[in-house]
Amino acid sequence: MTRTWIPVPDHSDFPLHNLPYGVFSRPGEKARVGVAIGDAVLDVSRLALPAAADLAAVSLNPFMSRGPETWRAVRSRLTEMLTQETYRPAVAPHLIPRTEVALHLPFDVADYVDFYASEIHAANLGRIFRPTQEPLTANWKHLPIGYHGRAGTVVLSGTPVTRPSGQYKPPEATVPTFGPSRRLDIEAEIGFVVGVPSALGRPVPGTAFAEHVFGVVLVNDWSARDIQAWEYVPLGPFLGKSFATSISPWVVPLEALAAARVTPRQDPPPLPYLADGQRWGLDITMEVRLNGHLLSRPPFATAYWTPDQQLAHMTANGASLRTGDLYASGTISGPRRDQRGSLIELTWNGSEPLALPDGSSRSFLLDGDTVTISAAAQAADGTRIGFGDVTGTVKPAVSHLLEN
């Protein structure tokens, strides 16, 4: 096993096999690209690396646009510098304790798409909302269903999430009302970050996934279930989803996840344009905590649709990719109750509230609640490849009757 000369704590999210990218700053300094290793951030803008000017930028976009050849070259060079003692004098001065830096949104988000990749999650919602019908809609196993979200409300982990207001109609009411959401929920997801753009009018096949996608982040696509339920027919999610999408600060490179790849079973076989990929399912286990209490461990390996298929479908009509595009898996849920990735499933639409250690219970989120999602995969030698976490605290709704 290759070892680094940097002390890395046991069970760290960020061993040598990981080397995720982020953007950081120290007080009074300009933001720039860093790489997490152990408990430190390596200021890669100060090292003799390929694409050095791009690594001094305030976002990952310039570096991500370079493509796989540059990504591999930088990763290889970093691994060399972090494992060979001869580089220690040149590298060690640029290692900064993570406790001393501020982290920033790692990339400028161009477009945002959210998918519906988990068959178990989709079937659960079907049973909740259409108990007398088939759980899955007729199209579900033929195409990766998704919707376009709002790039401007993708926020960094730790950003407070203000309870959204909107229009909804309680079941007992005859007319809708407007007010703060009473059914605020989470969605535990995995997100994929596009580095290399594509031309308008030219579909991107699933086989080109690793040529375009730079890396992976954790996503909490917050959801106001009452607002969404009233508005989504016939065009789909809008205000119930667009108020906030939280992402983790570290982008884990695809190369770090090579050993985690799995191929899901799909029946019926997908159409040819979706059959080229199917090699980028990932064995990642998430953990969802509410106010520190572990609620569930959603397994991403159970996802039906894979990110390479989602990329192929997203561009099948000729839609172009842009550097900084983010697309997410949709809520991931496993077959057991303690593997469900949303409160609407964990509480079965509020009918089975969760009991918390402090004696309180939850059907949906209350003001002041903090949700944290973490995740990990494994390298070929069993080393933990962590993603850090994505967290957010619910703040009270803002009155729509604001004073001028």
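So which trypsin sites (Lys or Arg not before Pro) in segment 323-404 pass both tests, a DSSP loop state and at most 16 other Cβ atoms within 10 Å of the Cβ?
Numbers: sites: 336, 337, 340, 362, 384; in loops: 336, 340.
For trypsin sites (Lys or Arg not before Pro) across segment 323-404 that sit outside H, G, I, E and B with at most 16 neighbouring Cβ atoms in 10 Å, the list reads 336.
Convex hull over the Cα atoms of segment 205-293, averaged projected area in nm²?
Details: hull surface 35.7 nm².
Over all viewing directions, segment 205-293 projects a mean Cα-hull area of 8.9 nm².
Roughly how many Å is it from the Cα centre of segment 156-200 to that of segment 334-360, as a whole number?
Answer, in whole Å: 19.
Going Cα to Cα from residue 395, which lysines come in below 17 Å? Please leave out same-chain ones fewer than 8 positions away.
241
Report, in deg cm²/dmol and to the nearest 500, the calculated mean residue ellipticity at 222 nm for the chain, where each DSSP H run with n ≥ 4 adds -39500 (n - 2.57) and the sum is divided by the residue count.
Details: 10 runs with 66 residues, N = 404.
Mean residue ellipticity at 222 nm (helix-derived): -4000 deg cm²/dmol.
To the nearest 20 debye, what is the magnitude of the charge dipole of the chain about its Cα centre, counting +1 on the Cβ of each Lys and Arg and -1 on the Cβ of each Asp and Glu? List each step's numbers first, then the result.
Numbers: 34 positive and 39 negative charges, 32 e Å.
With only Lys, Arg, Asp and Glu charged at Cβ, the dipole is about 160 debye.
What is the percent carbon and sulfur in the accessible area of the chain, measuring with a 1.4 Å probe over the protein chains and ignoring ligands? Numbers along the way, then the final one.
On the way: 9330 of 17450 Å².
It is 53 percent, rounded to a whole number.
Provide 172, 189, 85 ordered by accessible surface of protein heavy atoms (probe 1.4 Å), highest first. Don't jump to the answer; show the numbers that get you there.
Working: 172 145, 189 0, 85 105 Å².
The ranking, largest first, comes out as 172, 85, 189.
Work out from phi, with θ = phi - 60° and the Karplus expression 6.51 cos²θ - 1.76 cosθ + 1.60, the ³J(HN,Hα) of each residue of segment 85-93, listed in order in whole Hz, and give x for Gly and Pro.
Whole-Hz 3J(HN,Hα) from phi for segment 85-93: 4, 4, 8, 3, x, 7, 9, 3, x.
Only one of the values (i) 70, 57, 49; (ii) 67, 61, 40; (iii) 73, 51, 44 was calculated from this structure for Cα extents along the principal axes in Å; name its label.
Given (i) 70, 57, 49; (ii) 67, 61, 40; (iii) 73, 51, 44, the calculated one carries the label (iii).
Please give the per residue accessible area of the chain, computed with a probe of 1.4 Å over protein heavy atoms only, in Å². Mind dumping the intermediate values first?
Details: 17450 Å² over 404 residues.
In whole numbers, the chain has 43 Å² accessible per residue.
Might you work out the accessible area of residue 119 for me, using a 1.4 Å probe with all protein chains in place, and round it to the nearest 10 Å²?
Approximately 60 Å² of residue 119 is accessible to the 1.4 Å probe.
Quote to one decimal, in nm, the extra length available between residue 378 and residue 202 on full extension: 0.36 nm per residue of separation minus the C-alpha distance between them.
Details: separation 176, 0.36 × 176 = 63.36 nm, distance 3.48 nm.
Result for the pair: 59.9 nm of gain on full extension.
The values are calculated or read from the model by the stated rules, or taken from the named source; none is laboratory data. Quick caveat: nothing in here was measured; it's all calculated off a predicted structure. Here Cβ is always computed from backbone atoms with ideal geometry, including for glycine, and neighbour counts include all displayed protein chains. What goes into the accessible areas is simple: the full protein's heavy atoms, side chains included, and nothing from ligands, DNA or RNA. Shrake-Rupley method; radii C 1.70, N 1.55, O 1.52, S 1.80 Å.
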